Amino acid sequence: MHTEFLKAKNLIESAGSILLTMHERMDGDDGGSILALLHHLENSGKSTTAVIKYGVPEALAFLPGSKKIREDISDETYDLLITFGCAGKERVGLEKITALQAPVINIDHHPDNTFFGQLNLVDKNKSSVAELVYDFFNFCNWPITQEIATCLLTGIITDTGCFMHANTQSSTLKAASELTTKGARVSRITKHTAKIKKPEVLKAWSKAMENSRLDPESKIITSAITEDDLSEIGSLPKSAFEGFVETLNSIPEAKFAMFIRQDGPVIKGSLRSDTHKNVDVSKIAKLFGGGGHKLAAGFSLQGKITKDTKGQWKIK
Ligand SMILES: [Mn+2]
């Protein structure tokens, strides 16, 4: 990775204007990584713009610099585009950005990354993009301020499920420890990202728990939220079910967990497993047109989840 890091450092330092972007719908990992780099580049006087389709979700608004994130570009041009967590350039979801002719640095840890950049900082063995960006900061000898540390630690904490997932390695904890020394606080980050705060979210989780089934033969645990369930629960924040599939997967006898939910005309599915269970859930996600990692994958497809009289759901 050192050759790529050096090339990336040179590209960044020689660019006049830089655009930072990620896949649509900001998450803590890629969003935190963007903000960390935005802080550094602004501190060094570089003209930098950060754009994420659909902007900043409520749970991540505490991140320093989040107000600077824009939802699209107009007709500006940039010398360099840096993408975070995009398996392919189209994942940015914004045509004006995918049409840009600027060279691309592609930073990611998804195993299905297509290496679409002129330069690809892709390491599928990293817990998070934030851990990779942390390594890059150290390689470049760039200062890690308290703000930068908070952004990067948020990425690590959200992608490791508060250090509980199988992707948590010694290097991850070492990075987290050093970011804490720089002033980031685990309790402050988890307060915003890992705790259920709203009663309606609790109600939604209890419905999803009630709908869960562990198949005694296949040892697959599944749950589904239908349109009827949603209208019964009432209005919910977009992030309401974040973390639910991990909770399903925490049942020790389950080989893997799959959670599907209706979201307008679309069915959103997420899958999780653990190292010792020897399942590659990305292969299952691929059957539904999705993708991801061996232990964490997802898909979205057009359709409806229906329930029969016995409470068994089906995808139509
Ligand atoms: Mn990630």
Taking the square root of 5λ for each eigenvalue of the C-alpha gyration tensor of region 200-315, the equivalent ellipsoid has semi-axes, largest first and in whole angstrom, of 22, 16, 14
In nm, what is the difference between 0.36 nm times the number of residues separating Thr275 and Thr98 and their Cα-Cα distance? 60.2 nm
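Leaving out ligands and nucleic acids, and using a 1.4 Å probe, what accessible area per residue does the chain come to in Å²?
Values: 14980 Å² over 316 residues.
Accessible area per residue, the chain: 47 Å².
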DSSP bridge pairs, the chain: antiparallel proportion in percent, nearest 5: 45 percent
Evaluate the charge dipole of region 1-85 about its Cα centre and quote only its size in Debye, nearest 20, assuming +1 on the Cβ of each Lys and Arg and -1 on the Cβ of each Asp and Glu. 200 debye
Can you tell me how much longer the chain between Lys124 and Lys9 gets when fully stretched, taken as 0.36 nm per residue apart minus their C-alpha distance, in nm with one decimal? 39.3 nm
Within region 27-119, which GluC sites (Glu not before Pro) sit in a loop by DSSP and count at most 13 neighbouring Cβ atoms inside 10 Å? Glu71, Glu76
Could you check how much of the accessible area of region 200-315 is carbon and sulfur, as a whole percent, using a 1.4 Å probe? 55 percent
To the nearest 10 Å², what's Ser14's accessible area with a 1.4 Å probe? 90 Å²
Put +1 on the Cβ of every Lys and Arg and -1 on every Asp and Glu Cβ in the chain; which of Ser177, Cys151, Phe5 then has its Cα farthest towards the positive end of the dipole? Ser177
Quick one: if you stick a label point 7 Å off each Cα along the C-beta vector at Phe116 and Lys67, how many nm between them? 3.3 nm
Normalised by the number of residues in the chain, what is the relative contact order in percent for Cα pairs under 8 Å and 6+ residues apart? 12 percent
At 0.36 nm per residue, minus the direct Cα-Cα distance, what do Leu173 and Lys198 gain on full extension? Give it in nm, one decimal, please. 6.0 nm
Bin width 10 Å, origin at 0, all Cα-Cα pairs of region 2-193: what percent of pairs per bin? 10, 41, 39, 10, 0
Nearest-0.05 FRET efficiency for Leu214 and Thr180, computed from C-beta distance (R0 45 Å): 0.75
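The values are calculated or read from the model by the stated rules, or taken from the named source; none is laboratory data. None of the values given here were measured: they were computed from a predicted structure. Because the Cβ atoms are built from the backbone with ideal geometry, glycine has one as well, and the counts that use them run over all protein chains shown. Note: areas computed on protein heavy atoms with side chains; ligands, DNA, RNA excluded. Shrake-Rupley method; radii C 1.70, N 1.55, O 1.52, S 1.80 Å.
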